[in-house]
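Just below is one structure, and these are the notes that go with it.
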Amino acid sequence: MKCYVVDAFSDKIFKGNPAAICVLEEWIADDLMQKIAQENNLSETAFTVKQEDNVYALRWFTPEDEIDLCGHATLATAFVLMSFFEKELEQISFQTKSGVLIVSKKEDLYELDMPAYHLEQMNIVDEIKEAIGVCPIEVWKGRDLVCVLENEKQVNAVMINEQKVKALDGLLLHVTAKSKEYDCVTRSFAPKLGVLEDPVCGSGHCHVVPLWADKLNKTNLTAFQASRRSGTLYCRYENNRVYLAGKAVLYSINQLFI
């Protein structure tokens, strides 16, 4: 089995978010997919099987568990399929646990059509302040917990308490603020899934893009993920859908001996 490693939301290796992509002829056992993800030790390993013309089934695994939605690994999977398997395609549909996700190739960008999470505002409790080391000005919850901070300097300075973050509501934790150079800046943490900080989180932006689109009163946003690797997402919010576009670059092709 070949395993492709792609840096998504970047046009340079060692930037963006690395995802491992396994293109299968048929599904292998769930526990084997989980072991491969553990061995890769990336935020996500994606497994895909062709269903029909330009339609693939897609599943994502973190080192700890299967996840219901992942943006960067979806983009990376589309990049692999369009670069090595389906070079004539400009659009691919993925059947996933979060419904059908469509990726369209637009010159050097890959645009993901993803669902927006419904957010409910939460009380700012001491447990959140202790977990992120700063008092947010707003807290919202969808699948994940989103903490809005006063400025991007605070976002860059956050050092989470891993155990206290695990005790909070939400699957992932995102800290976000308005940015001077971009529309928003975000960092994402997923210790519940064995990922301390996610380098660039697509599903996280299915939370923060609707939030900032409302706050800034605009539908097109440029978002920056301020992780150590960093990444840029070109975003659009329409009809309760989040469109995330970014670049991708191949890092390696590996042969798995299993």
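As an exercise, use a Förster radius of 30 Å and the Cβ-Cβ distance of residue 241 and residue 39 to find the FRET efficiency, rounded to the nearest 0.05. Don't jump to the answer; show the numbers that get you there.
Working: r = 34 Å, r/R0 = 1.15.
Once rounded, the FRET efficiency stands at 0.30.
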**Asked** What order do you get for 101-109, 222-230 when each peptide is scored by the mean count of other beta carbon atoms within 10 Å, highest first?
**Response** 222-230, 101-109
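If neighbour count is taken as other Cβ atoms inside 10 Å, put 174, 118 in order from fewest to most. Don't skip to the end; give the middle numbers.
Values: 174 27, 118 12.
By the 10 Å Cβ count, ascending, the order reads 118, 174.
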**Message:** Treating only the Cβ of Lys, Arg, Asp and Glu as charged (+1, +1, -1, -1), what charge dipole size does the range 120-236 show about its Cα centre? Round to the nearest 20 debye.
**Reply:** 300 debye
**Asked** Counting each DSSP H run of 4 or more residues in the chain as -39500 (n - 2.57), what helix-only mean residue ellipticity at 222 nm follows after dividing by all residues, to the nearest 500 deg cm²/dmol?
**Response** -6000 deg cm²/dmol
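For residue 228 and residue 138, calculate 0.36 nm times their separation in residues minus their Cα-Cα distance, and state this gained length in nm to one decimal.
Details: separation 90, 0.36 × 90 = 32.40 nm, distance 2.46 nm.
Going from the current span to full extension adds 29.9 nm.
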**Asked** For the range 1-111, what class follows from the C-alpha gyration tensor (a ≥ b ≥ c being the square roots of its eigenvalues): rounded when a/c is under 1.5, otherwise prolate if a/b is larger than b/c, else oblate?
**Response** oblate
**Request:** Let me know the number of lysine pairs in the range 120-236 closer than 23 Å at the Cα, not counting same-chain pairs under 8 apart.
**Result:** 24
**Asked** Taking the Cα-to-Cβ direction at residue 127 and at residue 151 and moving 7 Å from each Cα, how far apart do the two end points lie in nm?
**Response** 3.1 nm
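Where a number appears in this text, it was derived from the coordinates with a stated rule and is not lab data. Just so you know, these numbers come straight off a predicted model, no measurement behind them. FYI the Cβ positions are ideal-geometry reconstructions off the backbone, even for glycines, and counts take in every protein chain you see.
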